[in-house]
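Presented below is the structure to which this report refers.
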Amino acid sequence: MKQLRQCVMQPLVAGFLLLLPIYLAILLLLKAMKSLGAVVRPLARLLPQWFPGETIASLLLVLVLCFLVGIVLSTRIGQAMRVRIESSVLQKIPGYEVMRNMTWQLTGHGQENAWQPALAEIEDALVPAFIIEELDDGGFTVFVPSVPTALAGAIYILAADRVHPLDVTFTRAMKVVTRWGSGSKELVNAMRGKRSPSIVSK
């Protein structure tokens, strides 16, 4: 009964964590487009009736606003505002920080040492993982994503000899996770150090 519950709950939670942010993002986008409908309606009337001018114009206006906000956030004042908003509001939203870090890494805006790909020794196996932080004793906190839903996973605190950082990009390692492990050979070959862990030689 316990195994059956785990088989049902784990995919259910993983799917929920993946779909909820996507659903909320689409919902907010549609809400924003609807709110801007009155603004772009005069322009949309100039277009042919068969053309969804109001919808297209609203979408373009939302994208322009996002672009302008992004420019503001790149300034010193904007960065201070972002930190304040994140610490007081956004970080309280479940999954926000994970999605933010992943988005930054995928777009190349993440910190140099953040979310570094690695292979972690979990029991008798090597698993794709991402280094979250290095501990004072030399160990690591790693995030092991679920397959193929990378937004869900488990956190492990492991000794340094059980974590093998990789010289591959975040995007390449993430593709291995989302492709059910296809391409893992490249991760093993990229393992740092001349001596492979004993688990590889078995």
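The values are calculated or read from the model by the stated rules, or taken from the named source; none is laboratory data. Being a predicted model, the structure only gives us computed values, none of them experimental. Cβ atoms come from the backbone with ideal geometry, glycine included; neighbour counts cover every protein chain shown.
Here are the numbers for the structure shown:
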{"quantity": "Any hit, region 63-70, residues being surrounded by 12 or more Cβ atoms within 10 Å (Cβ to Cβ), within 30 Å of Ala152 (Cα to Cα), modelled with pLDDT under 85 and not hydrophobic (A, V, I, L, M, F, W, C)", "calculated": "no"}
{"quantity": "Within region 16-37, considering residues that are surrounded by 14 or more Cβ atoms within 10 Å (Cβ to Cβ) and not hydrophobic (A, V, I, L, M, F, W, C), the one modelled with the lowest pLDDT", "calculated": "Pro21"}
{"quantity": "Neighbours by Cβ (under 8 Å, 6+ apart or cross-chain): first from region 168-186, free of Cβ contacts under 8 Å to residues at least 24 places away in the same chain; second surrounded by fewer than 17 Cβ atoms within 10 Å (Cβ to Cβ) and among the basic types (Lys, Arg)", "calculated": "Gly183/Arg172; Gly183/Lys175; Glu186/Arg172"}
{"quantity": "Matching helices (runs of 4 or more DSSP H) fully within region 94-202 where at least 2 residues are modelled with pLDDT of 65 or more and under 22 Å from the mean Cα position of the chain (by Cα)", "calculated": "170-178, 184-189"}
